[in-house]
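Note sheet for the following structure.
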Amino acid sequence: VRGAPAIAIVGMLSLAVELQPKTFARMSEFNKFIRDSLEYLKGARPTAVNIFLACDLIKKLTDNLSILGDEGVNAAKTEVIRHIEEMLNKDVESNKLIGRHGAQAILARIPKKENINVLTHCNTGSLATAGYGTALGVIRSLFNLGVIERVYCTETRPYNQGSRLTAFELVHDHIPATLITDSMASLVMKTKGISAVVVGADRVLANGDTANKIGTYQLAIAAKFHKIPFYIAAPTTTIVLDDSSSIVIEERSHKEVTQIKGIQIAPTGIDVYNPAFDITPAELITGIITEVGVFSPKEMKIKLRSILNSK
């Protein structure tokens, strides 16, 4: 399972599946099972923040349900499962709102009656979320409005999520699309009339700094040089509004770089650096697209806190 939202949703659904057949005589047994399961799930991926927030929500829920006592342990189990199923539905709704807000923000910068070309990176669609997608959800919304001329998707080395997954989703939805290698992105920005770059995120800090699939940072730099708007599309569950200032970057197997489907393409003994993510500084980001609106990195923390606290 990959994609920050999907990791969280599938992780929680796995908990619900494991929880369903179990019986508990005491509330303390139920709470221990939930706590242990959540700690295990938090170890799934260190960079993607959604799974951590989802675990925290379920922990708070079970803490609140403890008041039911041993007699209410079955009711507590049912409520946790119900809440997890609700997370699935909310994620799809959230993605569609991200798509709508993002499309409006991009079109606001484009002259009327002009079709647009969008560049995206990695996979941020139905295969990375509960459905519809974040950055790819924005692209789907633009396509449904009839304004997409072409989408350029990077192959996203070394694991090729762009060529394997995003290209598949674009072809499936009959969205005009062209696959490019990662190293072609700057030339495409210069020569293909790119209107906007839209990518997803695995973690967004309160200051706007964003961790996303490796290669995102260089796209943001190239977009800045070519004066192309660069957007992050992410649900608020991906945004950390506390004072965190660092992000753990996961490093993956050297085989992703030295091999393709088990076939060696690099010499044995070569050292490999294979971080799965990089961090794009806030000053390179035009806007952060969420289900509650689009914000510049500078205004995001204050406005999001105000909106989320009012709910």
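Output yes when any residue across segment 256-278 is polar (S, T, N, Q), within 20 Å of the chain's Cα centre (by Cα), over 15 Å from residue 159 (Cβ atoms) and not in a helix (DSSP H, G or I), and no when none is.
no
With 249, 260 as the choices, which residue is of a type in the set (A, V, I, L, M), open to solvent by 30 Å² or more (accessible area, probe 1.4 Å), touching an Asp or Glu at 6+ places or on another chain (Cβ under 9 Å) and modelled with pLDDT under 95? Step through it out loud before you land on a result.
Details: 260 fails: touching an Asp or Glu at 6+ places or on another chain (Cβ under 9 Å).
It is 249.
Taking the condition of a type outside the set (Gly, Ala, Ser), touching a strand residue (DSSP E or B) at 6+ places or on another chain (Cβ under 8 Å), in contact (Cβ under 8 Å) with a residue 60 or more places away in the chain and within 23 Å of residue 166 (Cα to Cα), does residue 199 pass?
yes
For segment 270-301, give me each residue that is farther than 17 Å from residue 199 by Cα and in contact with a helix residue (DSSP H, G or I) (Cβ under 6 Å, 6 or more places away or on another chain).
272, 274, 292
Answer yes if at least one residue in segment 35-44 is outside any helix (DSSP H, G or I), free of Cβ contacts under 8 Å to residues at least 60 places away in the same chain and small (Gly, Ala, Ser), and no otherwise. Please lay out each step first, then the result.
The first filter runs over segment 35-44 and keeps only residues outside any helix (DSSP H, G or I), leaving 43-44.
Adding the requirement that they be free of Cβ contacts under 8 Å to residues at least 60 places away in the same chain leaves 43-44.
Still in the list and also small (Gly, Ala, Ser): 43-44.
Yes - at least one qualifying residue is present in segment 35-44.
Sort through 30, 24 and tell me the only one that's more than 30 Å from residue 206 (Cβ to Cβ), part of a loop (DSSP other than H, G, I, E, B) and open to solvent by less than 40 Å² (accessible area, probe 1.4 Å).
On the way: 30 fails: part of a loop (DSSP other than H, G, I, E, B).
Exactly one residue qualifies, and that residue is 24.
What number of residues within segment 263-297 satisfy the criterion of being out of contact with any Gly (no Cβ under 7 Å at 6 or more places or on another chain) and either open to solvent by 50 Å² or more (accessible area, probe 1.4 Å) or hydrophobic (A, V, I, L, M, F, W, C) (or both)?
The total comes to 17.
Can you say whether residue 159 is in contact with a helix residue (DSSP H, G or I) (Cβ under 6 Å, 6 or more places away or on another chain), open to solvent by 40 Å² or more (accessible area, probe 1.4 Å), on the phi < 0 side of the Ramachandran plot and not in a helix (DSSP H, G or I), as far as the supplied structure shows? If you could, list the steps in order and put the result at the bottom.
Values: in contact with a helix residue (DSSP H, G or I) (Cβ under 6 Å, 6 or more places away or on another chain): yes; open to solvent by 40 Å² or more (accessible area, probe 1.4 Å): yes; on the phi < 0 side of the Ramachandran plot: yes; not in a helix (DSSP H, G or I): yes.
Considered against the rule, which asks whether it is in contact with a helix residue (DSSP H, G or I) (Cβ under 6 Å, 6 or more places away or on another chain), open to solvent by 40 Å² or more (accessible area, probe 1.4 Å), on the phi < 0 side of the Ramachandran plot and not in a helix (DSSP H, G or I), residue 159 comes out as yes.
Do we find a residue being touching a Gly at 6+ places or on another chain (Cβ under 6 Å) and aliphatic (A, V, I, L, M) anywhere in segment 48-56?
Scanning segment 48-56 turns up at least one residue that is touching a Gly at 6+ places or on another chain (Cβ under 6 Å) and aliphatic (A, V, I, L, M).
Cβ contacts < 9 Å: first residue on the phi > 0 side of the Ramachandran plot and modelled with pLDDT of 90 or more, restricted to segment 62-73; second residue assigned to a helix (DSSP H, G or I) and open to solvent by less than 20 Å² (accessible area, probe 1.4 Å), any location; separation 6+ or different chain. Result?
Hits for this filter: 69/27.
For residues in segment 134-156 being without any contact (Cβ under 8 Å) to a residue 60 or more places away in the chain and assigned to a loop (DSSP other than H, G, I, E, B), which is most open to solvent (accessible area, probe 1.4 Å)?
145
Identify all residues within segment 112-133 that are among the β-branched types (Val, Ile, Thr) and not in a loop (DSSP other than H, G, I, E, B); write none if there are none.
116, 118, 120 - these are the residues of segment 112-133 that are among the β-branched types (Val, Ile, Thr) and not in a loop (DSSP other than H, G, I, E, B).
So residue 84 passes all but one of these: (1) open to solvent by 80 Å² or more (accessible area, probe 1.4 Å); (2) touching a residue at least 60 places away in the same chain (Cβ under 8 Å). Which condition number does it fail?
Going through (1) open to solvent by 80 Å² or more (accessible area, probe 1.4 Å); (2) touching a residue at least 60 places away in the same chain (Cβ under 8 Å) one by one, residue 84 breaks only (1).
Go through 185, 196 for me and flag whichever is buried (at least 21 other Cβ atoms within 10 Å of the Cβ) and closer than 27 Å to residue 273 by Cβ. Write out each step before concluding.
Details: 196 fails: closer than 27 Å to residue 273 by Cβ.
Step by step, each of 185, 196 is checked, and only 185 is buried (at least 21 other Cβ atoms within 10 Å of the Cβ) and closer than 27 Å to residue 273 by Cβ.
Which pairs do you get when a residue that is within 28 Å of residue 212 (Cβ to Cβ), found in segment 259-275, comes within reach of a residue that is surrounded by fewer than 10 Cβ atoms within 10 Å (Cβ to Cβ), reach meaning Cβ atoms under 8 angstrom, with the pair 6+ apart or on two chains?
Short answer, once both residue conditions are applied: 259/265.
The values are calculated or read from the model by the stated rules, or taken from the named source; none is laboratory data. Remember, predicted model here, so these are calculated numbers, not experimental data. Glycine gets a Cβ as well: all are built from the backbone with ideal geometry, and neighbour counts include every protein chain shown. Areas reflect the complete protein model, heavy atoms only, side chains present, ligands, DNA and RNA absent. Shrake-Rupley method; radii C 1.70, N 1.55, O 1.52, S 1.80 Å.
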